[in-house]
1. Considering only helices (runs of 4 or more DSSP H) fully contained in the stretch 350-426, which possess at least 3 residues that are of a type in the set (Val, Ile, Thr) and crowded, with 19+ Cβ neighbours inside 10 Å?
2. Just one of the numbered conditions (1) at pLDDT 90 or above; (2) aliphatic (A, V, I, L, M); (3) away from the ligand (no atom under 16 Å from the Cβ) is not true of ALA300; which one?
3. Return the residues of the stretch 229-271 that are within 11 Å of the ligand (Cβ to nearest atom) and more than 23 Å from PHE395 (Cα to Cα); say none if nothing qualifies.
4. Looking at GLY390, is it out of contact with any helix residue (DSSP H, G or I) (no Cβ under 7 Å at 6 or more places or on another chain) and more than 19 Å from GLY108 (Cα to Cα)?
5. Enumerate the pairs (first residue in the stretch 335-350 and within 7 Å of the ligand (Cβ to nearest atom); second residue anywhere and part of a helix (DSSP H, G or I) and of a type outside the set (A, V, I, L, M)) with beta-carbon separation below 6 Å, excluding pairs fewer than 6 apart on the same chain, so at least 6 apart or on different chains.
6. Report whether or not MET199 is surrounded by 17 or more Cβ atoms within 10 Å (Cβ to Cβ), modelled with pLDDT under 95 and more than 30 Å from VAL350 (Cα to Cα).
7. Let me spell it out: the conditions are (1) out of contact with any helix residue (DSSP H, G or I) (no Cβ under 8 Å at 6 or more places or on another chain); (2) within 15 Å of the ligand (Cβ to nearest atom), and LEU61 meets all of them except one. Which number is the exception?
8. Kindly indicate whether any position in the stretch 176-196 is modelled with pLDDT of 95 or more, crowded, with 19+ Cβ neighbours inside 10 Å and touching a Lys or Arg at 6+ places or on another chain (Cβ under 9 Å).
Amino acid sequence: MAKDVAAKKTAANDAAIEASRGHFSSKIGFIMAAAGSAVGLGNIWGFPTKVAENGGAAFLLIYLLMVFVLAFPMLVAELAIGRYGQGNPIASLRSVWQGKRWAPLLWGGLAMLVASLILSFYSIVAGWLIAFAAEPVFSGLGLMEQAGWLTEFSTARNASMAVIFSLLTIWVVSQGVADGIEKWSTRLMPLLFVLFAGMIVYMMTLDGASQGLTTYLVPDFSQVDARLLVDAMGQAFFSLSLGVGAMMVYGSYLKKDVNLPKVATQVAIIDTSVAFAAGLLVIPAMFVAKHNGVEIFNDAGDLISSGDLVFQVLPALFDTMGASGPFIAVIFFVLMMIAALTSSISLLEVPVSCAQDELGMARKTSSWVIGLAIIVISLVICLNFGTLFGLVVDFTTVYMQPALGIIWALVVGWVWHRNELLHELQQGNPELAQGWFWKIWPWYVRFVCPVAIAAVIFVSVS
Ligand code: PHE
């Protein structure tokens with residue numbers, strides 16, 4: 001009896017939430033927002049850095065494999081959980097995990113913490129984008145000392161730029177979903193693609209580029225080891241914004257008539273193309289920079305610094321462009337900053353949506369309280385950069401994102417009733433049950449995804 005009343009209450013509550021939540025006003029708006037979450041530092045900073053660290057094309061190939069066989073099926077899973085639950089990740093998990101109180105809270109809460117930790121290092125790297133976007137302006141004004149400060153690595157620079165970026169993120173999130181996110185992403189992403197294409201074409205004309213192209217496209221399989229596998233898997237999960245509930249939140253803002261496997265495919269294709277293009281730009285640009293005397297490798301042939309590799313290589317490329325260099329640099333870094341912003345807002349949206357629904361906090365209050373707490377974590381990382389930065393990046397992206405993926409695979413595969421899952425996916429795709437997707441995906445997510453993810457993590461730590 002009590003259970004009945006509780007169930008009715010939740011149903012009524014759900015209906016009220018559904019009626020009051022903003023939904024993406026168009027399918028393209030959703031694709032652009034989800035692609036906006038996916039495309040960010042993971043593509044332009046994370047991916048090329050991992051390719052460079054892991055010797056080139058072998059990483060590229062394994063990465064593509066990881067996107068296709070593990071990340072994509074999990075993207076559909078997370079979007080489905082979110083759209084079914086129509087709530088924050090904790091609430092959505094609760095609707096799938098009917099009757100369970102603690103499991104959704106525990107796993108949703110963990111996802112929220114990991115999202116917050118990712119945001120804490122994300123802001124630091126995104127802060128570098130702000131610094132590099134501002135540098136040509138300061139140089140142009142003759143403020144050489146300030147320009148130097150912006151591009152030189154220092155705790156003060158890292159911390160202040162991270163705070164600026166975080167404040168921007170908090171501000172956008174505090175404004176609300178539909179008008180905040182949609183507006184930002186729809187207008188600016190296409191511009192970024194065009195700029196990328198232009199820069200790649202230009203760079204290919206420079207000396208050294210062809211050596212970089214070979215490194216990027218001709219695989220050397222002796223490079224493949226357990227570390228490369230786990231790095232590639234983590235990178236795929238990071239790049240598609242998986243594990244931490246971001247795609248669940250976006251799924252929850254999605255209307256029921258949208259075909260989930262289809263939009264997931266579109267998002268994965270956009271994200272992977274941008275990562276591929278970023279590699280095509282950065283890896284040859286590394287060799288162009290080396291050709292022009294920038295120190296990229298040490299005597300043993302290893303990268304001198306990997307975390308800020310992109311921030312050495314790209315400015316060196318802009319330097320070769322003569323008078324137009326500073327202008328292109330500003331446009332490039334500003335667009336990248338916006339791409340990073342559409343990702344960071346999806347990260348902050350995870351804990352904010354939880355606090356909003358679960359604790360009944362106002363959006364503005366929860367954005368500021370949580371955002372400021374994350375700024376404190378960023379500052380702690382800045383003050384202990386050498387020890388903490390790499391650790392936090394690896395812990396969250398290489399291990400926790402895929403590990404949480406195992407949980408969501410188990411939830412979709414074993415907890416969720418098959419008929420309800422079918423019904424959820426069928427709403428946007430009435431022929432689903434007859435197609436190949438439904439023949440493969442459910443058992444694939446049930447057995448293959450959790451086992452494969454666990455196996456990769458296991459071989460890398462053992
Ligand atoms: N996918 C984003 C990027 O590539 C980062 C991100 C990770 C965003 C997890 C949301 C959740 O930059």
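The values are calculated or read from the model by the stated rules, or taken from the named source; none is laboratory data. Predicted, not measured: the structure shown is a model, and the values here were computed from it. So basically every Cβ, Gly included, is an ideal-geometry build from the backbone, and we count neighbours across all protein chains shown.
1. Numbers: elements: 363-383, 385-393, 401-410, 418-426.
Hits in the stretch 350-426: 363-383.
2. The one condition ALA300 does not meet is (1).
3. Of everything in the stretch 229-271, those that are within 11 Å of the ligand (Cβ to nearest atom) and more than 23 Å from PHE395 (Cα to Cα) turn out to be TYR250, VAL267.
4. Numbers: out of contact with any helix residue (DSSP H, G or I) (no Cβ under 7 Å at 6 or more places or on another chain): yes; more than 19 Å from GLY108 (Cα to Cα): yes.
So GLY390 passes the test.
5. SER343/SER37; SER346/SER37
6. yes
7. Single failed check for LEU61: (2).
8. No, the conditions are met nowhere in the stretch 176-196.
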